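Single-structure report; data block below.
The values are calculated or read from the model by the stated rules, or taken from the named source; none is laboratory data. Bear in mind the structure is a predicted one, so any value in this text is a computation, not a measurement. Every residue, glycine as well, gets a Cβ built from its backbone with ideal geometry; the counts of neighbours run over all protein chains shown. All accessible areas refer to the heavy atoms of the entire protein, side chains included, with ligands and DNA or RNA removed. Shrake-Rupley method; radii C 1.70, N 1.55, O 1.52, S 1.80 Å.
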Amino acid sequence: QVAGKGNYAGTSANATYKIVKAANPMNVAAKTASVKYSKKKASTVKAAQAYNFKKAAVGKVTYKRVAKGSSKVLTKVNAKTGAITVKKGAKKGVYKVKVKISAKGNANYKAAAKTVTIKVRVK
């Protein structure tokens, strides 16, 4: 039973309320990562080298390379781990890749997405 207070006098056995999902706390920023030049094989930048999660995301996190604004030297982004693949024989220099990071959320948190631009230095 709900009892009113102040201007809301009286009692009621029924009350309807809606609890909305909270915003996903995901807070991520890009880092500058480095890999060594390799003529014979592709190199990989691990997620820990590329992304700085200031606040962890709630729910399953996926990664997707955004083609527009991304270098063709940085060919793939692993959807599950976020690892970035650098083409074999990539010339020394700094390359950029845009990655869209999505978090599914759960019963209490909404889904969230953020696009970051990672710089990869081949040396």
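Brief remarks follow.
- Share of alpha-carbon pairs per 5 Å distance bin for region 27-102, given as whole %: 3, 15, 27, 27, 15, 8, 3, 1
- Once the chain from V2 to T44 is taken as fully extended at 0.36 nm per residue, the excess over their C-alpha distance is 9.2 nm.
- P(r) of region 1-69 over all Cα-Cα pairs, binned every 5 Å from zero, in whole percent: 3, 9, 12, 14, 11, 8, 6, 6, 6, 5, 6, 6, 3, 2, 2, 1
- Whole-number accessible area per residue in Å² for the chain, which is evaluated in the context of all protein chains at 1.4 Å: 71 Å²
- Charge dipole (region 51-123, unit charges on Cβ, about Cα centre) - positive-most of A113, N52, S71: S71
- Loop sites here are chymotrypsin sites (Phe, Trp or Tyr not before Pro) outside DSSP states H, G, I, E and B with no more than 11 other Cβ atoms within 10 Å. The longest part of the chain free of them is 18-123.
- Rolling a 1.4 angstrom probe over the chain with all protein chains present gives an accessible area of which 51% lies on carbon and sulfur atoms.
- Spin-label proximity, A22 to region 98-113 - amide N less than 11 Å from point 7 Å beyond Cα toward beta carbon: 108-110
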